[in-house]
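Peer 1: First the structure, then my questions, so here it is.
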C-alpha cells in the first residue's frame, strides 16, 4: 500500500504534463479518490500547466514579423560580408591615388 | 519519425549543405524552416516583439558565421535554440527584468486578463533555472531530451528543474489557483 502510494506520488509530475498513458492516468485518478492529498497535488499541478499555457498564447508571427527579421538578417549579413580582413582602400590602387 | 520532422530534417540537410558550399542564399531557407519557432521561443523568453525579432535575426546570423562548421546531424536544431537562448540571456542581463508581453491581444474578459497577467508575472518572477524548462517544455512543447540539450544539462536534471519549477509556480499562484479550480 505504502509502496504504491509512493509510486503514485512519483507519477504526479508526469500526470501534470499529460505524459501518462490513459490506463495509468485512470489508475492514478482512482487512487486519488481515496487520497485527498494526492488528488490535490494532481489537480493543482495540472492546473498550473494549463494556466501557464493559457496565459502565454502563441505569439503571432505574421508576414510583417517574418519580413522585418529577414531584412535585419540580410542587412547584418551584408555588413558582415563586406568587412574584409584588409581595409578596402588597400585592395585597390585607384588612378587618383597614383 | 513523424512526417513533418522527416521533411524538416531533409530540408535542413539540403540548406546546410548549400550553406557550407558558400551559398549564402541558403540562409533564407534555414530561416524559413526554423524562424517561427526561434521567434516564438525568443518572445517567450524576452516578453517583447522587438527584442525577440532582433534575437531571431542574430541567431540566424550566427548560423552564417559558423556555416563551414555546421553539420545536419540532428543536433543543429538544438544548437540553434542554444544560440537563441544565449542571446536572450544576454538581452535579459542588459534589460535586468523581463517585460510582460505588451502586444498580446487580450480579447477576453477583465477577469481572464487579470488571471493572464498574474500568471505571466509569476512565471517571469521565477528563477531562470526553473523558468527555462517551463518555457521549453510547457510552452514550446519541446521533448525533455531536446530541452536538456538546449540547456546543456542531463535529462534527469531537466525533469527535476521542470517539476520543481511547476511547484514553485503553483505556490506563487496559490490564491489564483484555488479560485480557478472552483
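Peer 1: Among the residues of segment A:81-96, is any at pLDDT 85 or above, exposed (fewer than 15 other Cβ atoms within 10 Å of the Cβ) and not in a loop (DSSP other than H, G, I, E, B)?
Peer 2: Taking segment A:81-96 and keeping what is at pLDDT 85 or above, we get none.
No, segment A:81-96 contains no residue that is at pLDDT 85 or above, exposed (fewer than 15 other Cβ atoms within 10 Å of the Cβ) and not in a loop (DSSP other than H, G, I, E, B).
Peer 1: Name the single residue that is farthest from the chain's Cα centre (by Cα) among those in segment A:18-30 being over 22 Å from residue B:178 (Cα atoms) and surrounded by 15 or more Cβ atoms within 10 Å (Cβ to Cβ).
Peer 2: A:27
Peer 1: Tell me, yes or no, whether segment B:36-45 has at least one residue that is without any contact (Cβ under 8 Å) to a residue 40 or more places away in the chain and more than 11 Å from the chain's Cα centre (by Cα).
Peer 2: No, segment B:36-45 contains no residue that is without any contact (Cβ under 8 Å) to a residue 40 or more places away in the chain and more than 11 Å from the chain's Cα centre (by Cα).
Peer 1: Further question: Go through (1) outside any helix (DSSP H, G or I); (2) farther than 21 Å from residue B:58 by Cα one by one and return the number of the condition residue A:11 breaks.
Peer 2: Answer for residue A:11: the failing condition is (1).
Peer 1: In addition: Which residue out of A:38, A:70, A:45 is facing another protein chain (nearest Cβ under 9 Å), free of Cβ contacts under 8 Å to residues at least 60 places away in the same chain and within 18 Å of residue A:18 (Cβ to Cβ)?
Peer 2: Selected residue: A:45, the only one of A:38, A:70, A:45 that is facing another protein chain (nearest Cβ under 9 Å), free of Cβ contacts under 8 Å to residues at least 60 places away in the same chain and within 18 Å of residue A:18 (Cβ to Cβ).
Peer 1: OK, next. From the residues in segment B:144-155 that are assigned to a helix (DSSP H, G or I) and in contact (Cβ under 8 Å) with a residue 24 or more places away in the chain, which one is nearest to residue A:17 (Cα to Cα)?
Peer 2: In this case the residue turns out to be B:146.
Peer 1: Taking segment B:156-181 only, how many residues are facing chain A (nearest Cβ under 9 Å) and part of a helix (DSSP H, G or I)?
Peer 2: Total meeting the criteria: 13.
Peer 1: Still on this structure, I have one more. Out of B:58, B:32, B:36, B:53, which single residue is surrounded by fewer than 19 Cβ atoms within 10 Å (Cβ to Cβ), within 14 Å of chain A (Cβ to nearest Cβ) and modelled with pLDDT of 95 or more?
Peer 2: B:36
Peer 1: If you don't mind, another one. Would a scan of segment B:120-143 turn up a residue that is surrounded by 12 or more Cβ atoms within 10 Å (Cβ to Cβ), facing another protein chain (nearest Cβ under 9 Å), in a helix (DSSP H, G or I) and modelled with pLDDT under 90?
Peer 2: No: zero hits.
The values are calculated or read from the model by the stated rules, or taken from the named source; none is laboratory data. All of these numbers come straight from a predicted model, not from anything done at the bench. Glycine gets a Cβ as well: all are built from the backbone with ideal geometry, and neighbour counts include every protein chain shown.
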